[in-house]
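Comments concern the structure below.
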Amino acid sequence: MILVKQAGVYVNILNCRLKKHLAEVFKKNGVNLTAEQYLVMDTLWNEGTLTQQAIAFIIQKDKNSVTQFIDNLEKKGLVTRSVAKEDRRVNNIVVTPQGMALKDSTKQLAIDTMNQALEGIPEEDIQTFVSVLKKVCANISDFDLA
């Protein structure tokens, strides 16, 4: 029982520390993004234009949080909202040229940060860690369907 509790505690601590550290790295390097805003930008860089609902689904955040992230990214000039031609109730989120200009350097900062966090851990252990996290996510998804 204690091991199960420790797993939950350390997953939470890891999430909090990674977000905080990434925000510090971004700030130190002149990137005006939170970890969550980076997650939205990275999703858009990888997938292209998406609806707010699609972004929420991909990053597993509630719609209201995603709306707030996008509002802030829009104020920074990194994304714009575009009304979908097929349904005026739907907003497509488009990365601006200013947002695209951040892509390579910001992604590299995030990769370097993760490499630093995983330093000294054998690749086999990292593969096992990722595999276990995927299984836990799948288990939780199975609960949501029940």
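The values are calculated or read from the model by the stated rules, or taken from the named source; none is laboratory data. None of these values were measured; they are calculated from a predicted model. A quick note on method: Cβ atoms are made from the backbone with ideal geometry, for glycine too, and the neighbour counts reach across all protein chains shown.
Things to note:
- Residue among PRO122, PRO97 that alone is in the same structural domain as LEU39 (by TED's automatic domain parsing) and more than 23 Å from ALA56 (Cβ to Cβ): PRO97
Table: residues versus (1) in contact (Cβ under 8 Å) with a residue 40 or more places away in the chain; (2) in the same structural domain as LYS20 (by TED's automatic domain parsing); (3) not in a loop (DSSP other than H, G, I, E, B).
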site	(1), (2), (3)
LEU44	yes, no, yes
GLN68	no, no, yes
GLY77	no, no, no
THR80	no, no, yes
ARG89	no, no, no
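- Filter result for ASP87 (modelled with pLDDT under 90 and not aliphatic (A, V, I, L, M)): yes
- Among the numbered conditions (1) part of a loop (DSSP other than H, G, I, E, B); (2) exposed (fewer than 12 other Cβ atoms within 10 Å of the Cβ), the only one that TYR10 does not meet is (1).
- Within the stretch 91-129, considering residues that are out of contact with any helix residue (DSSP H, G or I) (no Cβ under 7 Å at 6 or more places or on another chain) and part of a strand (DSSP E or B), the one farthest from GLU47 (Cα to Cα): ASN92
- The stretch 46-56, residues that are surrounded by 13 or more Cβ atoms within 10 Å (Cβ to Cβ) and either of a type in the set (Val, Ile, Thr) or in a helix (DSSP H, G or I) (or both): THR49, THR51, GLN52, ALA54, ILE55, ALA56
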